[in-house]
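Engineer: To start, I am sharing the structure in question, which I have written as structure tokens.
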Protein chains: 2
Amino acid sequence: MAGRAAPAELVARFTLSATAGARSLLTLNDFHTWWEGRSREGRFAVDRLAIADLEGWRIRDDTHDLVHESGRFFSIEGLRYRSDSGGEHVQPIINQPEVGILGILVKEFDGVLHCLMQAKMEPGNVNTLQLSPTVQATRSNFTRVHRGKTPTYLEYFHGPRRGRVLVDVLQSEQGVWFWQKFNRNMVVEVTEDVPLHEDYCWLTLEQVHGLLKVENLMNMDARTVLSCVPVDRPAGVAAADSFTAALLRSYDPALPAVHQQSEILSWFSERKAQCDWHARRVPLAEIEGWKWGSHELSGGDEAAFRIVGVRVKAVTREVTSWTQPLLEPTGHGLAAFVAKPIDGVLHLLVQARHEPGLKNIVEMAPTVQLPRVAGSGPAPFADLVRSAPAHRRRFDTLLSEEGGRFLNGLTRYQVIEVGEEFPERVPPEFCWMTVQQVMRLLEHSHYLNIEARTLLACVHSLW
Amino acid sequence: MAGRAAPAELVARFTLSATAGARSLLTLNDFHTWWEGRSREGRFAVDRLAIADLEGWRIRDDTHDLVHESGRFFSIEGLRYRSDSGGEHVQPIINQPEVGILGILVKEFDGVLHCLMQAKMEPGNVNTLQLSPTVQATRSNFTRVHRGKTPTYLEYFHGPRRGRVLVDVLQSEQGVWFWQKFNRNMVVEVTEDVPLHEDYCWLTLEQVHGLLKVENLMNMDARTVLSCVPVDRPAGVAAADSFTAALLRSYDPALPAVHQQSEILSWFSERKAQCDWHARRVPLAEIEGWKWGSHELSGGDEAAFRIVGVRVKAVTREVTSWTQPLLEPTGHGLAAFVAKPIDGVLHLLVQARHEPGLKNIVEMAPTVQLPRVAGSGPAPFADLVRSAPAHRRRFDTLLSEEGGRFLNGLTRYQVIEVGEEFPERVPPEFCWMTVQQVMRLLEHSHYLNIEARTLLACVHSLW
């Protein structure tokens, strides 16, 4: 596709995998059989714990921050920010100042790229086990001496045995929960034989996209890597209806879009330049309205989340146990793209959204993303999304945020079809983009937030 | 050009202006006559001043930061950072948390785009008057009630009368002097008549590029905007020698480069992911080794700069006067690209450089950039650049950094030709790129630092 850094030949191979049909190594039945086996094989018992009983963690006397005694992992600190309206806001924030690797290994079987996906348990997952990328590695996994063992397959992503890098871009994570967190999203190809561990299986992109429709199955780390995989307009896919036909045309850079790519970049420059939010980390002791109880850091009834402690007992072949803090949202999130065919080409309505923990504060987000960020204006299209009838909800699935940091962090992801009745003219913080225009931005950091990236991956499941 | 967001038709028009020859509105003689007139018309008297005598500025009792009583403009604060080696470093830093506009207005005369350039005096300029973009506006110029008058021509860049936006991207500024400073680099086209103020003149891109070779003439703000203007391989330009022939081929995306664009992005992701520098603002009172004297903030003999106060008397038609702090570097900087023809295509050797004030710490920089940043490793190619014979110094001009913030901030900009003797294999913090590959990155923020951008603009003067 014109305009991409990714070579056209590579995008064609991804597209083939996304339309592979029966050319997959496993059938979906095989997958589900394997998945049920994995589910039986192990489980986590997760129990609430007093903060004082977190092993290796302590609340600092001076700052009241929750830190690990090693100085590593992450810490719970305070965030103070001023929004455009001039209001001052405070909240706790997770500070994990390191870039990890989220990596999917791919390999051709019978000429079709397959993704090595992992069945991985995380303590915060509502259902413990979710489908995950090949590797989720923190920096300490690959840069320093570390007590734990090296993650399986990490050698394909780092160091002398690394495979051919197909996708490699730093992307942000939740800007209301994390302080300026980035992970490195990678797809690496190997041609050699790869020993298959029992917790892993090879799936085509089409199968992976399809599994995005299953509630709480595909984890956040898998979704963000998938969103960075470029695909072309698929050939030979029959559109079931006019919406799907418009969607397929939305992958075609030759078809007319409301805005040129350069206009999209200019719109985003303007949104960033006009942003007058300022955020900085402060000691937790300085943030008003939040206090440590015996079992949680709480900001009262209105707060969107709390910090809790848990003991995790992993009952697998060996029994292991550890304790850690988790961020527990107090309700489900909502992330929805409004999607409108314009001149026969589907356009997504992208929002320039303020999140105080993002490095540039502003990134591109779904049309509606809830809960609202304190200090931001009203969410113009929230009522429309909430009241959309079932046949307009083209995608509608509850998915989990990262279970290693968030306890039962669930977001409802939706793609809402709108028609002629929805105006093409939108408020200045919104911009219409085709699917291929959004994909182009994902070769770079600092454009799409993690909820928008999840939704882009979900859009690929609608062919 | 494939891979750009900018429409091909637009790039062709910029390229025409960069090869306009005699199709310019003014001859270079006309320009110099106008310039001499402007130089006679006004001057600045800049005198050192005791810090206590800066009007409207004060050193805060608690933090020792130097701030303006309005809370606006900028402040001098402290910066503390840890480098990869684990060393802790401190220094003062300018904090100006707002995005201004650096804008060049362009208009076609006789079918050729011309840039509206400004003769502008700045107190820190070694020669007071330099050639500047049409507009240098701070945020307070266009968002709030402000005592001063609105900058001339600002209405073409902001608000309802804005022209057609051709270039619009936020770019970083000096990461050793500024805390996470960005300005919005814009080129805007108008077709209507533009009243010509006496401090302005219309020049083709070719004329502007040529004037980059004049010592301390083209100011930093003009250079960064020019670097973001995409141009194609010029047709019909005869190469004077094999270096120039290789340079012209370096604008052609169809010719072979050492790396694909996707490999360049991956290399940069790796450099950012491996960076373990952490920087934060702290009160000046907390940084060891620096103290306020009566006339300066000084870090001792080894420090790379000091903060001083000046009184500026502008002797123009009206006499105006003000006082302000400036950052005064203690020596000249050096910024040099090593340039090597590889398979007949010129490649620039780009460095992933750490600067503690940059938002991502790491940006792409010239091969050699001095002074070194405290905490960074040795500069591998510094000796080679310093000892390059005259005929290998394809570009070699002393240019000024922003005269509104820096007092006599001078950097020697060089493009150093190397041949077969220079190895193609380079250390991991370096990457070979063609000119067109570097230009593509400039559609986005967070890639090239300001010294690399100046040099890219200078490369365009070598056709």
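The values are calculated or read from the model by the stated rules, or taken from the named source; none is laboratory data. Keep in mind that what you see is a predicted model, and the values were worked out from it rather than measured. No Cβ is skipped: glycine too gets one built from the backbone with ideal geometry, and neighbour counts run over all protein chains shown. Just the protein is used for accessible areas: all its heavy atoms, side chains included, with ligands, DNA and RNA removed. Shrake-Rupley method; radii C 1.70, N 1.55, O 1.52, S 1.80 Å.
Engineer: Could you state the per residue volume, in Å³, of the convex hull enclosing the Cα atoms of the stretch B:22-105?
Structural biologist: Residue-normalised Cα hull volume stands at 249 Å³.
Engineer: Between A:H391 and B:R23, take the C-beta separation as r, use R0 = 45 Å, and let me know the FRET efficiency to the nearest 0.05.
Structural biologist: Efficiency at R0 = 45 Å is approximately 0.15.
Engineer: Just for the stretch B:89-205, what percent of DSSP beta bridges are antiparallel, to the closest 5?
Structural biologist: 75 percent
Engineer: So what's the Cα pair-distance distribution over chain B, bin width 10 Å, in %?
Structural biologist: 4, 20, 31, 27, 14, 3, 0
Engineer: Oh, and also: Over the alpha-carbon set of the stretch A:352-463, work out the extent along each principal axis and list the three values in angstrom, largest first.
Structural biologist: Each principal axis gives a Cα extent; for the stretch A:352-463 these are 39, 30, 30 Å.
Engineer: Could you tell me what fraction of 2.2 N^0.38 Å the Cα radius of gyration of the stretch B:72-230 comes to, as a two-decimal ratio? Write down the numbers at each step before the final one.
Structural biologist: Working: Rg = 17.4 Å, N = 159, 2.2 N^0.38 = 15.1 Å.
So the Cα radius of gyration is 1.15 times the expected 2.2 N^0.38 Å.
Engineer: While we're looking at this one, here's another question. Buried by at least 20 Å² relative to the chain on its own: which residues of the stretch A:259-274 qualify, computing accessible area with a 1.4 Å probe on protein heavy atoms?
Structural biologist: At a threshold of 20 Å² (probe 1.4 Å), the residues of the stretch A:259-274 that become less exposed are A:Q260, A:S262, A:L265, A:S266, A:S269, A:E270, A:K272, A:A273, A:Q274.
Engineer: If I model the stretch B:1-149 as equal point scatterers sitting on the Cα atoms and use the Debye formula, what is log10 I(q)/I(0) at q = 0.11, 0.12, 0.19 Å⁻¹?
Structural biologist: Each listed q maps to, in turn, -0.76, -0.86, -1.26.
Engineer: Treating only the Cβ of Lys, Arg, Asp and Glu as charged (+1, +1, -1, -1), what charge dipole size does the stretch A:197-326 show about its Cα centre? Round to the nearest 20 debye.
Structural biologist: 240 debye
Engineer: Can you tell me the relative contact order of chain B? Whole percent, Cα pairs under 8 Å, sequence separation 6 or more.
Structural biologist: 22 percent
Engineer: Also, I was wondering about something else. Taking 8 Å as the Cα distance limit and 6 or more residues as the minimum spacing, I'd like the relative contact order of the stretch A:75-230 as a percentage.
Structural biologist: Details: 281 pairs, mean separation 45.2, N = 156.
Normalised by residue count, the contact order of the stretch A:75-230 is 29 percent.
Engineer: Over the Cα atoms of the protein assembly as shown, each weighted equally, I'd like the Debye log10 I(q)/I(0) at q = 0.04, 0.05, 0.09, 0.11 Å⁻¹, rounded to two decimals.
Structural biologist: Debye curve over Cα of the protein assembly as shown, log10 I(q)/I(0) at q = 0.04, 0.05, 0.09, 0.11 Å⁻¹: -0.19, -0.29, -1.00, -1.49.
Engineer: If you don't mind, there's one more thing I want to ask. Hey, can you list the residues from the stretch A:344-379 whose accessible area shrinks by 30 Å² or more with all protein chains present, relative to the chain by itself (probe 1.4 Å, no ligands or nucleic acids)?
Structural biologist: A:K359, A:N360
Engineer: With a 1.4 Å probe and all protein chains left in place, how much accessible area per residue does the stretch B:309-463 have, in Å²?
Structural biologist: Averaged over the residues of the stretch B:309-463, the accessible area is 32 Å².
Engineer: A further question on this structure: Taking every pair of distinct Cα atoms and averaging 1/r, then inverting, what Kirkwood hydrodynamic radius in Å comes out for the stretch B:404-463?
Structural biologist: For the stretch B:404-463, inverting the mean 1/r across all distinct Cα pairs yields 14.0 Å.
Engineer: Rounded to the nearest 500, what is the 222 nm mean residue ellipticity of chain B from helices alone, with -39500 (n - 2.57) per DSSP H run of 4+ residues and division by all residues?
Structural biologist: The helix contribution divided over chain B gives -5500 deg cm²/dmol.
Engineer: How far is A:G87 from itself in the other copies, in nm, if each label sits 7 Å out from Cα along the Cα-Cβ line, shortest first?
Structural biologist: Distances to the matching label points in the other copies: 4.6 nm.
Engineer: Which residue, B:S85, B:Q180, B:H114, has the largest displacement toward the positive end of the dipole of the stretch B:49-181 when charges sit on each Cβ (Lys, Arg +1; Asp, Glu -1)?
Structural biologist: B:H114
Engineer: Which percent, nearest 5, of DSSP beta bridges in chain B are antiparallel? Before the final figure, lay out the partial values.
Structural biologist: Values: 87 of 105 bridges.
Of all bridge pairs located within chain B, approximately 85 percent are antiparallel.
Engineer: Moving to a separate point now. With charges only on Cβ, +1 for K and R and -1 for D and E, what is the dipole size of chain A about its Cα centre, in debye, rounded to 20?
Structural biologist: Using Cβ point charges on Lys, Arg, Asp and Glu, chain A gives about 520 debye.
Engineer: Quick one: pull the percent of accessible area on the stretch A:306-460 belonging to carbon and sulfur, 1.4 Å probe, ligands and nucleic acids left out.
Structural biologist: The computed percentage sits at 49.
Engineer: Work out Dmax and Rg for the stretch B:286-445 from the C-alpha atoms and quote the Rg first, both in angstrom.
Structural biologist: Cα only, the stretch B:286-445: 19.2, 59 Å (Rg, Dmax).
Engineer: Picking from B:A335, B:G409, B:G124, whose Cα lies most toward the positive end of the charge dipole for chain B (charges on Cβ: Lys, Arg +1; Asp, Glu -1)?
Structural biologist: B:G124
Engineer: Mind jotting down the distance between the C-alpha centroids of the stretch B:338-404 and the stretch A:91-112, whole Å?
Structural biologist: 33 Å
Engineer: Here's a follow-up. How long are the semi-axes of the equivalent ellipsoid of the stretch A:274-333, defined as square roots of 5 times the Cα gyration tensor eigenvalues? Whole Å, largest first.
Structural biologist: Working through the eigenvalues yields semi-axes of 31, 15, 13 Å.
Engineer: Moving to a separate point now. Take the Cα atoms of the stretch A:236-325, find their three principal axes, and give me the spread along each one in whole Å, biggest first.
Structural biologist: Per principal axis, max minus min of the Cα coordinates gives 59, 49, 25 Å.
Engineer: In addition: Can you give me the relative contact order of the stretch B:154-239 as a percent, contacts being Cα pairs under 8 Å and 6 or more apart?
Structural biologist: Computed over the stretch B:154-239, the figure is 24 percent.
Engineer: Which FRET efficiency value, to the nearest 0.05, do you get for B:H332 and B:A254 by plugging their Cβ-Cβ distance into 1/(1 + (r/R0)^6) with R0 = 45 Å?
Structural biologist: For R0 = 45 Å, the calculated efficiency reads 0.70.
Engineer: Compute from the Cα atoms of the stretch B:163-273 the Rg and the Dmax, the latter being the longest Cα-Cα distance, and quote both in angstrom.
Structural biologist: 17.9, 50
Engineer: Remind me, what semi-axes does the stretch A:1-66 give for its equivalent ellipsoid, largest first in whole Å, using sqrt of 5 times each Cα gyration tensor eigenvalue?
Structural biologist: Gyration-tensor ellipsoid for the stretch A:1-66: 46, 27, 6 Å.
Engineer: Next question. Using the Kirkwood radius over Cα pairs, work out the Stokes-Einstein diffusion coefficient for the stretch A:350-389 at 20 °C and 1.002 mPa s, in µm²/s as a whole number.
Structural biologist: The calculation lands on 196 µm²/s.
Engineer: Need one number: buried accessible surface between chains B and A, 1.4 Å probe, both sides summed, DNA, RNA and ligands left out, in Å² to 100.
Structural biologist: 3000 Å²
Engineer: Of all DSSP beta bridges located in the protein assembly as shown, what percent are antiparallel, nearest 5?
Structural biologist: Of all bridge pairs located within the protein assembly as shown, approximately 85 percent are antiparallel.
Engineer: Given charges of +1 on the Cβ of Lys and Arg and -1 on the Cβ of Asp and Glu, with all other atoms neutral, how large is the dipole of the protein assembly as shown about its Cα centre, in debye to the nearest 20?
Structural biologist: Values: 98 positive and 112 negative charges, 35 e Å.
With only Lys, Arg, Asp and Glu charged at Cβ, the dipole is about 160 debye.
Engineer: Using only Cα atoms, what Kirkwood radius does the stretch A:67-162 have, in angstroms?
Structural biologist: About 16.7 Å, per the Kirkwood formula over Cα pairs.
Engineer: If you don't mind, there's one more thing I want to ask. Over the alpha-carbon set of the stretch A:189-346, work out the extent along each principal axis and list the three values in angstrom, largest first.
Structural biologist: Principal extents (Cα only, largest first): 59, 52, 32 Å.
Engineer: Using C-alpha positions alone, give me the convex hull volume of the stretch B:143-225 per residue in cubic angstrom. All intermediate terms of the calculation are to be shown ahead of the outcome.
Structural biologist: Numbers: hull volume 13.3 nm³, N = 83.
Expressed per residue, the convex hull around the Cα atoms of the stretch B:143-225 is 160 Å³.
Engineer: Over every pair of different alpha-carbon atoms in the stretch A:249-288, take the mean of 1/r and invert it; report that Kirkwood radius in Å. Please list the in-between numbers first.
Structural biologist: Values: mean 1/r = 0.0720 Å⁻¹.
Computed over the stretch A:249-288, the radius equals 13.9 Å.
Engineer: Ignoring ligands, DNA and RNA, what percent of the 1.4 Å accessible area of the stretch A:88-207 is carbon and sulfur?
Structural biologist: 49 percent
Engineer: Could you report the stretch B:39-180's accessible area per residue, 1.4 Å probe, as an integer in Å²?
Structural biologist: 42 Å²
Engineer: State the answer as a single residue: which of A:V310, A:V385, A:A22 lies farthest towards the positive end of the charge dipole of chain A, with beta carbon charges of +1 for Lys and Arg and -1 for Asp and Glu, about the Cα centre.
Structural biologist: Sorting the options by dipole projection puts first A:V310.
Engineer: Give the dimensionless ratio obtained when the Cα radius of gyration of the stretch A:316-358 is divided by 2.2 N^0.38 Å.
Structural biologist: Scaled against compact globular proteins, the figure is 2.21.
Engineer: Between the alpha-carbon centers of the stretch B:406-463 and the stretch A:56-87, tell me the distance in whole angstrom.
Structural biologist: Centre-to-centre distance over Cα atoms comes out at 40 Å.
Engineer: Over all directions, how big on average is the projection of the convex hull of the alpha-carbon atoms in the stretch A:334-402, in square nanometres?
Structural biologist: 6.0 nm²
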